[in-house]
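Notes follow once the structure below has been shown.
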Amino acid sequence: MAADTLSRDAYNESDDLKGQAEAYRALFGHWPELIQADKIYATNENRKWCRENGIRLTATPKGRPVEKTRRKKAREREEYADRNAIEGRIGNAKQVLSLNQIRAKLRETSESWIGATLFVLNLSVLAQKSALLFEQALTTDL
């Protein structure tokens, strides 16, 4: 998890979608296959841009509901479950790591606090994955 945009002013974060996708492309050399985003990102402009670049966006389609196959329903459930895990991490950072209670006055101090919190969150994810891999290695060697 990373904080790419920090602002003390209110702004519409749906404008960040293209920039994030372009950063992904610069890092990996191709567009993401799927963008799992909040409903605020499902603007007409973002939908059109994603369609033009062959990117699927987890957003409720506009218009009349279309009959879905079992496979498509299962895939959507899986994608939303993945997204829920991400939202859970954000909620964890806000509640457990006090990301929503930063009271620093200076911009630099609050940004440092946010960075440290996200660093700890990422360390905990790494520790969980490492423990799982270690446990798997122990059980396969026995």
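The values are calculated or read from the model by the stated rules, or taken from the named source; none is laboratory data. Note that this is a predicted model, so its numbers are computed, not measured. So basically every Cβ, Gly included, is an ideal-geometry build from the backbone, and we count neighbours across all protein chains shown. For the accessible areas, the whole protein counts, side chains as well, though only heavy atoms, and no ligand, DNA or RNA atoms are used. Shrake-Rupley method; radii C 1.70, N 1.55, O 1.52, S 1.80 Å.
General remarks:
- Each part reduced to its alpha carbon centroid, segment 1-60 and segment 101-123 end up 24 Å apart.
- The calculated FRET efficiency for the pair ILE40 and ASN100, based on their C-beta separation and a Förster distance of 22 Å, comes to about 0.75.
- Here, segment 35-142 yields an orientationally averaged convex hull projection of 11.5 nm² when only Cα atoms define the hull.
- Given LYS62/LYS94; LYS68/LYS129; LYS18/LYS73; LYS105/LYS129; LYS18/LYS72; LYS48/LYS68, the pairs whose alpha carbons are separated by over 30 Å: LYS62/LYS94; LYS68/LYS129; LYS105/LYS129
- Amide proton proximity set for ARG56, modelled H, under 5 Å, gap of 5+: LEU34, ILE35
- Estimated dipole of segment 82-122 in Debye, rounded to 20 [Cβ of Lys and Arg +1, of Asp and Glu -1, Cα centre]: 160
- Efficiency of FRET from Cβ geometry, ASN92 and ALA131, R₀ 25 Å, rounded to 0.05: 0.90
- In the context of the full set of protein chains, the chain has a per residue accessible area of 79 Å² (1.4 Å probe).
- Label-to-label distance for LYS73 and TRP31 is 3.0 nm, based on points extended 7 Å past Cα in the beta-carbon direction.
- When only Cα pairs below 8 angstrom with a gap of at least 6 residues are kept, the chain shows a relative contact order of 22 percent.
- Result for the chain in a Gaussian network model with C-alpha springs under 10 Å: among GLY54, GLY91, GLY29, the largest mean-square fluctuation is at GLY29.
- Taking N as its residue count, the alpha carbon Rg of segment 1-97 over 2.2 N^0.38 Å: 1.19
- If R0 is taken as 25 Å, the Cβ-Cβ distance between PHE119 and TYR24 corresponds to a FRET efficiency of 0.75.
- GNM flexibility winner over the chain from GLU52, GLU111, GLU22 (Cα, springs under 10 Å): GLU52
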